[in-house]
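The values are calculated or read from the model by the stated rules, or taken from the named source; none is laboratory data. Owing to the predicted nature of the structure, the values given are computational and were not obtained by experimental measurement. Cβ atoms come from the backbone with ideal geometry, glycine included; neighbour counts cover every protein chain shown.
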Amino acid sequence: MLKKILLAIVVFGFSYSIAFSQEQRELDKEVKVRTTYQPKINKAKRLGKLPVIKDTTRFAPSFDYFVQTRPLNVGFSPAEIPAAKIVGEPLKKIHSHDLTLAGGNYSTLFGDYRFNNQRSKTTDIGFHLRHYSTNGKLTLEDDDKVKPGYSEQLAEVYGSAYLDEGKILGKLFYKHTGFNYYGFQQLDDVESYFLNLFPYEEQKLNNFGLNAQYQSAFKDEEQLNFGLGLKYEHFSDDIDLKENDILIAGNARIRRGDAFWSLTSEFDYFAIDGLHHWEDVNPVTERKTLKWNLNPQYLLQTGSLNLQLGINAVLATGDDSEAKLYPDVKIDFEAIDGIMSLFAGVNGDLKMNRYKDVAEENRFIYSGLNVAPSNEKYKLFGGIRGSMSSNSSFTLSAEYSTIDDQYFFVNNSIWVDPADQSLITPTYSNKFGVVYDNVNILRLGAEVTIGWSDKLELNSAVWYNNYSMDKQKEAWHMPDFELEANAKYQFTKDLTFHAGVNITGSRPVLTMKTDLLNNQVISIVDTERTLDAVYDLNIGANYSINEHFSAFGQVNNLFADKYYQWDGYPSQGLNFLLGVKISL
């Protein structure tokens, strides 16, 4: 049996080897294939982003809890603290008496005394005495030395009484001014060949006045507040002129909503006697005028806007008969809170040009000069106000005004009467009259105050002026540029220095030579020239010795510049003043 099995295995193995050899021979055959087919492998597709599963299921959490409260016992009890009180700064002691005495070159003397009562809730009372004089010689254009003879005395008593809902104010004063007409014109040997057109060389001006006023002060602004005032002044010179002025004024003001309604009215009556004009055949000797002003206003105050709307009605009767109506509008807008505001407006007025007002502007006018009213038809103004810091500010402004019959000072110098050639008497004058013209005035200005620190403070103002005339060639005696700058420095607690500079631009001036025949003007010859610019530098110091005594010094015109404020009238060169102040 075993032999049969072995024989079968041998036969099967032999058969398999024969078959495998035959198949191997068939695989070794070479096959050549010719075709244009080129195999290609397609690019795999990739997913650009990872898959995101967006769950749309909404789950609203719900809490249910319970806290059982129990008081916590502590053994601490706070102590009681007394109420706080605000204590103000202690009031500084007020000195009732102040006396200042000083002297300097050019025979200058100065004295000033003031008395005021101590603090009071019901009254303020005081009086004031002042003296100033300077008489040092000045050198004129012909090298002659003259004395200005200037002196000024003032005495005044004033007071206020405070009521529950108002106050009463009053003042009584007397002022005396004396001076010489020391000016000199460019003439040849004046004393030998010329007579003075106005034969007086000294002048004294006296001004006496009193005024009283009541003003209500209701705390409720929706209640009518009002005021009434009375003023009287008498003015005279040492020649012939006398002027009396009576003014009655009233005002009312009330709030309605965010706005105020107000009304101001004035009745001003003045009478001038002793007027004179040497060119007139029938000169005017007196002038009496009543001027009535009525000024209603609407004032709106809302947040950053302040608006004023009003008119100024003027009626003049008597020797100056006029009726005028002027706008009175002003707007102030705070563009940036606490930093910058814009303002603009327009107004106008009829200026009566009384003798007293003109003499205070230029005291070297001849006695009895009659100046006609000037009509300021309108004045447009606007600008910017701002703050650069808590102690620094600035203002930029512009003004444009149109004035009819504006006066300008000129010197009426020479008068020749050729009616009889053998009696020719040329005359001269060192006193001023006026000429008139319609003028447009443009003023551009800037004012700056800078507090560099607690010790140093600077402030300055500069103005540029442009005049457009109808008849006159120039705006006589009017500068085109003005600058004022001052600095104050506290060196120590007791020592303070200050300095300043004042610059006035060049000014054109006019001298009129008038020829008369039988009291009639036959020719006028004008002589024009220019006054140089004024540069006045001053320095000073103040030293506090103690609570009651202090000393001070002041030096003016440090460069000793010889300049003229008015044609023919030189000012002092370098001048100083040293003094002490006593407070008790």
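Restricting to region 79-111, name every residue that is exposed (fewer than 10 other Cβ atoms within 10 Å of the Cβ) and of a type in the set (Val, Ile, Thr).
Answer for region 79-111, where residues must be exposed (fewer than 10 other Cβ atoms within 10 Å of the Cβ) and of a type in the set (Val, Ile, Thr): ILE81, ILE86, VAL87.
In the set ALA323, ALA313, which member is on the phi < 0 side of the Ramachandran plot, surrounded by fewer than 15 Cβ atoms within 10 Å (Cβ to Cβ), in contact with a Leu (Cβ under 6 Å, 6 or more places away or on another chain) and not aromatic (Phe, Trp, Tyr)?
Details: ALA313 fails: surrounded by fewer than 15 Cβ atoms within 10 Å (Cβ to Cβ).
Exactly one residue qualifies, and that residue is ALA323.
Within the set of pairs 6+ apart or on separate chains, which have a first residue in region 163-185 that is among the hydroxyl-bearing types (Ser, Thr, Tyr), a second that is outside any loop (DSSP other than H, G, I, E, B), and C-beta atoms under 6 Å apart?
Every condition considered, the pairs that remain are TYR174/ALA155; TYR174/PHE208; THR177/GLU152; THR177/LEU205; TYR182/VAL146.
Give me a count of the residues in region 433-454 that are more than 18 Å from the chain's Cα centre (by Cα) and of a type outside the set (Val, Ile, Thr).
The qualifying residues number 8.
So, ASP349, is that one touching a Phe, Trp or Tyr at 6+ places or on another chain (Cβ under 8 Å), surrounded by 16 or more Cβ atoms within 10 Å (Cβ to Cβ) and either farther than 30 Å from PHE218 by Cα or modelled with pLDDT under 95 (or both) or not? Break it down into steps so the answer makes sense when it comes.
Working: touching a Phe, Trp or Tyr at 6+ places or on another chain (Cβ under 8 Å): yes; surrounded by 16 or more Cβ atoms within 10 Å (Cβ to Cβ): yes; either farther than 30 Å from PHE218 by Cα or modelled with pLDDT under 95 (or both): yes.
Answer is yes for this residue.
Can you tell me which residues in region 482-503 are free of Cβ contacts under 8 Å to residues at least 40 places away in the same chain and either of a type in the set (Asp, Glu) or touching a Pro at 6+ places or on another chain (Cβ under 7 Å) (or both)?
Scanning region 482-503 gives GLU482, GLU484.
Of these, LEU129, LEU163, LEU138, which one is in contact with a Pro (Cβ under 6 Å, 6 or more places away or on another chain) and of a type in the set (A, V, I, L, M)?
On the way: LEU129 fails: in contact with a Pro (Cβ under 6 Å, 6 or more places away or on another chain); LEU163 fails: in contact with a Pro (Cβ under 6 Å, 6 or more places away or on another chain).
Sole residue among the options that is in contact with a Pro (Cβ under 6 Å, 6 or more places away or on another chain) and of a type in the set (A, V, I, L, M): LEU138.
Across region 336-370, what is the number of residues that are among the hydrophobic types (A, V, I, L, M, F, W, C), in a loop (DSSP other than H, G, I, E, B) and either under 18 Å from LEU290 (Cβ atoms) or touching a Ser or Thr at 6+ places or on another chain (Cβ under 8 Å) (or both)? Please lay out each step first, then the result.
Start the filter on region 336-370 by keeping residues that are among the hydrophobic types (A, V, I, L, M, F, W, C), which leaves 336, 339-340, 342-344, 346, 350, 352, 358-359, 364-365, 369.
With the extra rule that they be in a loop (DSSP other than H, G, I, E, B), the set shrinks to 339, 352, 364, 369.
Checking the rest, the ones that are also either under 18 Å from LEU290 (Cβ atoms) or touching a Ser or Thr at 6+ places or on another chain (Cβ under 8 Å) (or both) come to 339, 352.
Number of matching residues: 2.
Could you tell me which numbered condition GLU286 fails, if it satisfies all but one of (1) at pLDDT below 95; (2) over 19 Å from ASP357 (Cα atoms)?
With (1) at pLDDT below 95; (2) over 19 Å from ASP357 (Cα atoms) applied to GLU286, the lone miss is (2).
Would you confirm, using the coordinates I've provided, whether VAL509 is in contact with a His (Cβ under 7 Å, 6 or more places away or on another chain), in a strand (DSSP E or B), at pLDDT 90 or above and not aromatic (Phe, Trp, Tyr)?
yes
Here are LYS175, LYS167, LYS171, LYS145: which of them is touching a Lys or Arg at 6+ places or on another chain (Cβ under 8 Å) and either basic (Lys, Arg) or at pLDDT below 90 (or both)?
LYS145
Collect the residues in region 115-161 that are hydroxyl-bearing (Ser, Thr, Tyr), exposed (fewer than 15 other Cβ atoms within 10 Å of the Cβ), farther than 30 Å from ASN575 by Cβ and in contact with a strand residue (DSSP E or B) (Cβ under 7 Å, 6 or more places away or on another chain), keeping them in residue-number order.
Just the residues of region 115-161 that are hydroxyl-bearing (Ser, Thr, Tyr), to begin with: 120, 122-123, 132-134, 139, 150-151, 158, 160.
Filter once more, so that each one left must be exposed (fewer than 15 other Cβ atoms within 10 Å of the Cβ): 120, 122-123, 139.
Checking which are farther than 30 Å from ASN575 by Cβ leaves us with 120, 122-123.
Those that are hydroxyl-bearing (Ser, Thr, Tyr), exposed (fewer than 15 other Cβ atoms within 10 Å of the Cβ), farther than 30 Å from ASN575 by Cβ and in contact with a strand residue (DSSP E or B) (Cβ under 7 Å, 6 or more places away or on another chain): THR122, THR123.
Got a sec? Which strands (runs of 3 or more DSSP E) wholly within region 528-580 have at least 2 residues that are surrounded by 15 or more Cβ atoms within 10 Å (Cβ to Cβ) and modelled with pLDDT of 95 or more?
Details: elements: 534-544, 549-556, 564-566.
In region 528-580, 534-544, 549-556 are the strands (runs of 3 or more DSSP E) which contain 2 or more residues that are surrounded by 15 or more Cβ atoms within 10 Å (Cβ to Cβ) and modelled with pLDDT of 95 or more.
For LEU172, work out the one condition from (1) touching a Leu at 6+ places or on another chain (Cβ under 6 Å); (2) over 19 Å from ASN206 (Cβ atoms); (3) of a type in the set (A, V, I, L, M, F, W, C) it doesn't fulfil.
Result: LEU172 fails condition (2) only.
If we scan region 173-184, do we find a residue that is farther than 29 Å from ASN430 by Cα and in contact with a strand residue (DSSP E or B) (Cβ under 9 Å, 6 or more places away or on another chain)?
Residues of region 173-184 farther than 29 Å from ASN430 by Cα: 173.
Next, only the ones that are in contact with a strand residue (DSSP E or B) (Cβ under 9 Å, 6 or more places away or on another chain) stay: 173.
Among the residues of region 173-184, at least one is farther than 29 Å from ASN430 by Cα and in contact with a strand residue (DSSP E or B) (Cβ under 9 Å, 6 or more places away or on another chain), which makes the answer yes.
Quick test of your reading of the structure: PHE364 fulfils all but one of (1) within 23 Å of the chain's Cα centre (by Cα); (2) of a type outside the set (Asp, Glu); (3) under 30 Å from ARG287 (Cα atoms). Name the failing condition by number.
Only one criterion is unmet by PHE364, namely (1).
Take LEU456 and tell me if it is at pLDDT 90 or above and either basic (Lys, Arg) or surrounded by fewer than 17 Cβ atoms within 10 Å (Cβ to Cβ) (or both). Before you say what the answer is, go through the steps one by one.
Numbers: at pLDDT 90 or above: yes; either basic (Lys, Arg) or surrounded by fewer than 17 Cβ atoms within 10 Å (Cβ to Cβ) (or both): yes.
Considered against the rule, which asks whether it is at pLDDT 90 or above and either basic (Lys, Arg) or surrounded by fewer than 17 Cβ atoms within 10 Å (Cβ to Cβ) (or both), LEU456 comes out as yes.
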